[in-house]
1. Could you go through the range 238-248 and let me know if any residue there is more than 13 Å from ligand 1 (Cβ to nearest atom) and either surrounded by fewer than 22 Cβ atoms within 10 Å (Cβ to Cβ) or assigned to a strand (DSSP E or B) (or both).
2. Inside the range 388-423, can you point out the residues that are assigned to a loop (DSSP other than H, G, I, E, B), surrounded by 19 or more Cβ atoms within 10 Å (Cβ to Cβ) and either at negative phi or more than 22 Å from the chain's Cα centre (by Cα) (or both)?
3. Among the candidates A359, A390, single out the residue that is in contact with an Asp or Glu (Cβ under 8 Å, 6 or more places away or on another chain) and at pLDDT 95 or above.
4. With the condition kept exactly as written, say whether any residue in the range 256-263 is more than 16 Å from ligand 2 (Cβ to nearest atom) and either free of Cβ contacts under 8 Å to residues at least 60 places away in the same chain or more than 20 Å from Y150 (Cα to Cα) (or both).
5. Quick one: is H93 touching a helix residue (DSSP H, G or I) at 6+ places or on another chain (Cβ under 8 Å), more than 16 Å from ligand 1 (Cβ to nearest atom) and within 29 Å of L177 (Cα to Cα)?
6. Please go through the range 1-21 and pick out each residue that is at pLDDT below 90 and acidic (D, E).
7. Which of the residues spanning the range 245-298 are over 24 Å from K356 (Cβ atoms) and aliphatic (A, V, I, L, M)?
8. Residues of the range 249-274 being away from ligand 1 (no atom under 16 Å from the Cβ), buried (at least 17 other Cβ atoms within 10 Å of the Cβ) and in a loop (DSSP other than H, G, I, E, B), which ones?
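The values are calculated or read from the model by the stated rules, or taken from the named source; none is laboratory data. Remember, predicted model here, so these are calculated numbers, not experimental data. Ideal geometry is used to build each Cβ from the backbone, glycine not excepted, and the neighbour counts take in all protein chains shown.
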Amino acid sequence: MSEQKLEIAAGNGLINRRHLLGLGLTGMATAVANSALAADAGLTLKIPDWSRQPGPGASGYGSRSSFSEHIQRASGAPNPLYPGGGASRSPLHQLQGTITPNSLHFERHHSGIPNIDPSQHKLVINGLVRQPLLFNYEDLLKYPMVSKIYFLECSGNSGSLLAANAANGSAQSLHGLVSCAEWTGIPLSTLLDEAGVEPSAQWINAVGADAASMGRSIPLNRAMDDVLLALYQNGEPVRPEQGYPMRLFVPGCEGNISVKWLTQIKLTEGPSQFRDETSKYTDTQLDRSSLQFTYPMGIKSVITSPSGQMALNRQGLYQLTGIAWSGRGSIRRVEVSADGGRSWADAMIESHQSEKALARFRIPWQWSGGNAILQSRATDNLGNVQPTRASLLAERGNISTYHFHGIQSWAVNTAGEVTNVYA
Ligand SMILES: Nc1nc2c(c(=O)[nH]1)N[C@H]1C(S)=C(S)[C@@H](COP(=O)(O)O)O[C@H]1N2
Ligand SMILES: [Mo]
């Protein structure tokens, strides 16, 4: 099928998403066959070494191909004044689908990763309850569990987009504090019901067993909703980095309140005013007042390919793809622009659209060698639309660098280089 038959969906080369199903792929295969694969067109494939003799046998615990070891989380340099503190970012530009492999889930630690022996770990539920309860790990494994796919995003993710000058960053360095996994655990409401919540209790206060004793307060009505005591992550016990042997998981909300290495839940009338809900994780507004307890993460999307620091090495059809998520619901629509927001085309949303989970979108894009500005704009089932960076700045200023969810702009220049810009 020739490229002339492709139906244009928006300016600067965006092609109707229906061409992804066959037509567009033919176009892309042709582009490749014209160059790289042409030499092999005679199908005179050599028998490679790995086909000549048996490889190693089965193993107790798997590892990835040595040829994909370049796919890594990126962490900043350790700070001696902040032992164990810091973050690592998921390589969004190198991943596909919507599930983040456990080894590549982003990390954020305030005092490093405790090495917890589950047989010595305790979870206590106390405060304003009829019966304080003490659980050990083995007891908890006997409770009925549920499994749900949810994203987790640090409220500081993408915060550098509020800086005056656009950073020379990648999808990973700018937006890699988001990941998505299947979390399996006990609905927190089950355990709170067992302890018997007193009518005067309005908040839960969750504390971790790490050296930071990190704590957060959460209103009881949210805690009784879809919050989990998570014990498994993508089918295996939660990783030490993610809170082994157990963490709180608060779907859709800033990652900070999903307290890892959870050891205490205390029910109280009011919030505890922990460090991480007073001096940190509050949103100071233009009038200098600060919003506290701003939990849900806003509707957001980012194009992961092509994305910052990549280079397009040929003109022709590209499969533009990215991820979208909403802390309040599910993704209904993702539009893509190649002309800096002047015209938009609907992308194909590929994945099963569940609440508070990542969705993957794709659309064919024809790059003809000119300048382009690629953007994506997500809409959720409640009608929330991802705002532009400029409108977020006008509304909230840039004193708070938390909860940035504005539209990302990737510029493509005539050399094919992709950079982060403000458009
Ligand atoms: N006990 C404890 N819980 C914690 C943290 C921590 O340092 N200690 N970091 C928080 C922050 S800021 C985030 S964004 C998420 C990160 O979870 P992850 O490391 O599993 O991605 O955990 C939260 N829970
Ligand atoms: Mo965070």
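1. Looking through the range 238-248, none of the residues is more than 13 Å from ligand 1 (Cβ to nearest atom) and either surrounded by fewer than 22 Cβ atoms within 10 Å (Cβ to Cβ) or assigned to a strand (DSSP E or B) (or both).
2. Answer for the range 388-423, where residues must be assigned to a loop (DSSP other than H, G, I, E, B), surrounded by 19 or more Cβ atoms within 10 Å (Cβ to Cβ) and either at negative phi or more than 22 Å from the chain's Cα centre (by Cα) (or both): S400, Y402, F404, H405, G406, I407, Q408.
3. Values: A390 fails: in contact with an Asp or Glu (Cβ under 8 Å, 6 or more places away or on another chain).
When all the criteria are applied, what remains is A359.
4. Yes; the residues of the range 256-263 include at least one that is more than 16 Å from ligand 2 (Cβ to nearest atom) and either free of Cβ contacts under 8 Å to residues at least 60 places away in the same chain or more than 20 Å from Y150 (Cα to Cα) (or both).
5. Numbers: touching a helix residue (DSSP H, G or I) at 6+ places or on another chain (Cβ under 8 Å): yes; more than 16 Å from ligand 1 (Cβ to nearest atom): yes; within 29 Å of L177 (Cα to Cα): yes.
Yes.
6. E3
7. Correct list: L267, L286.
8. Of everything in the range 249-274, just one residue is away from ligand 1 (no atom under 16 Å from the Cβ), buried (at least 17 other Cβ atoms within 10 Å of the Cβ) and in a loop (DSSP other than H, G, I, E, B), namely P271.
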